[in-house]
Every structure is written in structure tokens, then in C-alpha cells.
Amino acid sequence: MIRVAVAGAAGRMGETVCEAVQGAEDLELVGRADPLLQSSLEEVLPDAEVVVDFTQPDSALENARACLHAGVDVVIGTTGFDPSPLIDGAAAERPRANVLIAPNFAIGAVLMMRFASEAAKHMAKAEIIELHHDRKLDAPSGTAARTAELMAAAGGHEPPAIHSVRLPGLVAHQEVIFGDLGQTLTIRHDSISRESFMPGVLLAVRRVGSLPEPVVIGLESLLS
Ligand SMILES: NC(=O)c1ccc[n+]([C@@H]2O[C@H](COP(=O)([O-])OP(=O)(O)OC[C@H]3O[C@@H](n4cnc5c(N)ncnc54)[C@H](O)[C@@H]3O)[C@@H](O)[C@H]2O)c1
């Protein structure tokens with residue numbers, strides 16, 4: 001059994017993660033940290049082997065540092081924060097625990113990023129439209145920023161422009177539209193429920209302890 005605590009446990013994603021962990025035979029939910037539950041990360045850390053963080057952009061970095069300090073592996077789904085201090089810190093002194101950061105845990109979104117990177121090698125121009133529910137704090141989304149980064153690296157172009165839409169009724173959606181002489185190509189992914197992220201989150205929880213590097217970004221590294 002892997003002992004798992006969830007930071008942001010009262011949030012939309014955190015609640016779904018708690019249910020998924022409780023439903024997995026090889027995982028045990030040992031803590032729910034969230035100011036809304038009057039429970040802090042420090043309180044739940046001693047019982048955990050892995051922390052899953054779905055909090056806010058201004059909390060994720062500090063939470064990850066607390067986990068690493070305690071020797072607890074951490075899976076970060078929170079978006080909209082700069083992870084470079086974690087990467088630099090891991091390079092400077094090898095931490096006792098690992099970090100996996102993924103802007104999107106849905107397998108379809110990982111494939112969308114892969115296909116968009118492939119198309120970027122062949123099509124002249126592209127733009128990204130990302131659409132999310134109107135309570136999302138960050139824009140552009142972490143998925144759109146990561147897609148743009150991967151496309152620029154694959155295609156050798158400037159990163160594509162990103163347009164952000166925030167509306168009630170949406171969950172998490174993205175279109176990458178390519179244009180070239182007399183043709184367009186659209187690659188689209190839709191997460192229509194938060195359950196779409198759970199297989200990826202559980203895979204990350206099971207694998208974070210045996211990563212090849214102390215800090216890994218992107219679920220794709222666990223799928224190949
Ligand atoms: N990686 C992915 O696949 C993926 C998918 C969906 C959402 N997200 C991201 O996950 C994050 C959470 O999204 P959400 O919709 O669940 O937000 P939410 O606002 O519903 O939940 C966030 C929760 O974190 C709690 N929180 C804030 N600071 C905390 C701290 N220091 N310690 C513990 N808990 C704390 C809040 O009280 C809140 O309950 C966002 O950054 C969002 O962009 C990522």
C-alpha cells in the first residue's frame with residue numbers, strides 16, 4: 001500500500017483525487033490538507049509517502065518544498081506557478097524525494113500535445129485556443145503553455161499565440177489550429193469531467209518514487 005495525502009483536498013480536483021485514491025486497492029488515503037478543512041500540510045505529512053497537490057499557484061511551490069524537506073514524494077497538478085526553483089534546487093543538492101509536475105493528467109491531452117508537436121514540424125503557422133471554467137485562477141492554462149513550448153521546440157518556430165476563454169459550463173478544453181497554403185488542421189481535446197485526470201494522477205502516484213530524475217515535468221515521460 002502507498003500512503004497518500006492530498007493537498008487542496010476540499011477543492012474541485014482534490015475531492016476527486018481523494019475519491020480515486022480511496023477507490024484504488026494499492027493506495028491508502030492518509031490525510032486531507034486544506035485550509036477549508038482546518039488541516040495543514042504539515043499535519044498530514046508525517047503519515048504520507050506521497051502528497052498530491054492540487055492547490056493554488058501561490059501555494060504549490062512552498063508545499064513542494066515542505067514535502068521534499070520531509071522526504072515525501074510529491075505529484076503536482078497545480079498550474080500557473082514557475083517550477084524552476086524546484087529544478088534548480090534539485091540540481092544544486094539531490095533531494096531525498098522526487099517531484100512529478102504535470103500541467104495535464106488526461107491521457108487525451110498528452111496525446112493532443114504530442115500530435116500538435118508533430119504537426120508543428122510540417123505546418124506553417126498555428127494558434128492555440130484554451131477554454132476553461134470561469135473559476136480557474138491562471139491564464140493561459142499550464143497545458144496551453146506546455147503545448148506551445150513543445151511545439152516551438154519541435155517545429156523550430158516562435159511559440160504559437162494562445163487565446164484564453166473562461167466561461168461557466170466548461171471544464172478543460174483546448175484546440176490547436178494549424179494553417180498552411182489552402183488548408184487548416186484542428187487538433188482538439190475536451191475533458192468533460194474531472195474523472196478524466198484520475199488514471200494519470202494514480203499512475204503518477206505509483207511511479208513518482210522511481211523517477212529517473214528528482215524533478216520530472218509532464219505525464220508523457222511515464223507513458224513511453
Ligand atoms: N494538472 C491537471 O491535470 C489539472 C487539471 C485540473 C485542474 N488543475 C489545476 O489544479 C489546481 C486546483 O484546481 P481546482 O479546480 O481543484 O481549484 P479549487 O479552487 O477548487 O481548489 C483548490 C483548493 O486548494 C486549497 N488550498 C489553497 N492553498 C492551500 C494550501 N497551502 N494547502 C492546502 N490546500 C490549499 C483551497 O482551499 C481549495 O480548496 C489549479 O491550479 C488548476 O489549474 C490541474
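The values are calculated or read from the model by the stated rules, or taken from the named source; none is laboratory data. Worth saying up front: this structure is predicted, and the values here are computed from it rather than measured. Please note: Cβ atoms are built from the backbone with ideal geometry, for glycine as well, and neighbour counts cover all protein chains shown. Each accessible area value is taken on the protein alone, full model and side chains, heavy atoms only, with ligands, DNA and RNA left out. Shrake-Rupley method; radii C 1.70, N 1.55, O 1.52, S 1.80 Å.
(1) within 19 Å of Thr184 (Cα to Cα); (2) touching a residue at least 40 places away in the same chain (Cβ under 8 Å); (3) more than 12 Å from the ligand (Cβ to nearest atom): which one isn't true of Lys121, the others all being true?
That leaves (2) as the condition not met.
Could you check, for the stretch 177-199, whether at least one of its residues is within 22 Å of Glu118 (Cα to Cα) and in contact with a Ser or Thr (Cβ under 7 Å, 6 or more places away or on another chain)?
yes
Mind checking which residues of the stretch 28-60 are under 16 Å from the mean Cα position of the chain (by Cα), more than 18 Å from Arg96 (Cβ to Cβ) and of a type in the set (A, V, I, L, M)? Step through it out loud before you land on a result.
Going through the stretch 28-60, the residues under 16 Å from the mean Cα position of the chain (by Cα) turn out to be 50-60.
In the following step, the residues that additionally are more than 18 Å from Arg96 (Cβ to Cβ) were identified as 52, 54-60.
Residues satisfying the conditions are Val52, Ala60.
Residue check, Glu149 against (1) surrounded by fewer than 20 Cβ atoms within 10 Å (Cβ to Cβ); (2) touching a His at 6+ places or on another chain (Cβ under 7 Å), all met but one. Which one?
(2)
Of (1) open to solvent by 10 Å² or more (accessible area, probe 1.4 Å); (2) under 27 Å from Asp190 (Cβ atoms); (3) under 14 Å from the mean Cα position of the chain (by Cα), Val110 satisfies all except one. Which?
If we test Val110 against (1) open to solvent by 10 Å² or more (accessible area, probe 1.4 Å); (2) under 27 Å from Asp190 (Cβ atoms); (3) under 14 Å from the mean Cα position of the chain (by Cα), just (1) comes out false.
Just the residues that are open to solvent by 30 Å² or more (accessible area, probe 1.4 Å) and of a type in the set (Asp, Glu), please, taken from the stretch 60-103.
Glu62, Asp82, Asp88, Glu93, listed by residue number.
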